[in-house]
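For reference, the structure discussed in these notes is given below.
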Amino acid sequence: MSTEPIRFDTKIAVLLREDLEPWQRLNVTAFLVSGLGTQVPEVVGEPYEDADGVPYLPMFRQPVMVFEATKETLTTAHARVLSRALPRALFTGDLFATGNDRDNRAAVRAVPTAELDLVGLAVYGPRNAVDKVVKGARMHP
């Protein structure tokens with residue numbers, strides 16, 4: 001078994017609008033990354049098990065980088081992720097007012113792409129492509 005650190009040529013990034021409340025940042029991040037895990041199976045590692053043999057669910061195999069940005073930078077990042085056709089998940093301001101998955105999807109479906117009130121975006125792909133998508137954002141404090 002190798003003890004060399006594992007390096008990834010891919011990146012998982014979450015971009016949050018800077019004016020979100022702390023509870024919203026956590027909620028949006030959790031929702032966004034759940035979408036990546038369901039559609040991009042290679043991001044999920046092996047299940048965990050403690051020394052007593054108790055099993056735990058698998059998690060992402062690599063770190064999730066969390067960034068914050070202005071609304072304008074988030075809009076630019078959204079256009080970049082679409083132009084690169086990278087796997088992505090989005091969260092709009094409208095979703096704070098819904099209470100279930102069906103209403104969430106209807107709220108997004110009701111708004112044209114250019115008019116989405118983006119508050120969060122998750123993206124997965126080659127490191128360089130993801131870096132270009134989040135260009136202009138800063139690491140979340």
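A short reminder: the numbers here are calculations on the coordinates, not readings from a lab. What you see is a predicted model; the values in this text were computed from it and never measured. Counting neighbours? That spans all protein chains shown, and the Cβs are built from the backbone with ideal geometry, glycine included.
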Revision key, fill the gap. Taking the dipole of the stretch 38-97 about the Cα centre (Lys, Arg +1; Asp, Glu -1; charges at Cβ), the one of Gly93, Val64, Thr75 that reaches farthest to the positive side is Thr75
Practice item. If a/c stays under 1.5 just call it rounded; otherwise compare a/b with b/c (prolate if a/b is bigger, oblate if not). Do that for the stretch 1-62, with a ≥ b ≥ c from the square roots of the Cα gyration tensor eigenvalues. Key: prolate
Point to revise | Helical contribution to [θ] at 222 nm, DSSP H n ≥ 4, -39,500 (n - 2.57), averaged over the chain, rounded to 500 | key: -10500 deg cm²/dmol
Review point. In terms of Cα to Cα distance under 16 Å, which aspartates and glutamates are near enough to Lys132, apart from those fewer than 8 places away along the same chain?
Key: Asp9, Glu68, Glu72
Review point. So what is the diffusion coefficient of the stretch 41-100 in µm² per second by Stokes-Einstein at 10 °C and 1.306 mPa s, using a Kirkwood Rh over Cα pairs?
Key: 105 µm²/s
Point to revise | Built amide H within the under 5 Å cut-off of Val44, gap 5+ | key: Arg61
Point to revise | log₁₀ of I(q)/I(0) at q = 0.15, 0.21 Å⁻¹ - the chain, Debye sum with one point per alpha carbon | key: -0.77, -1.34
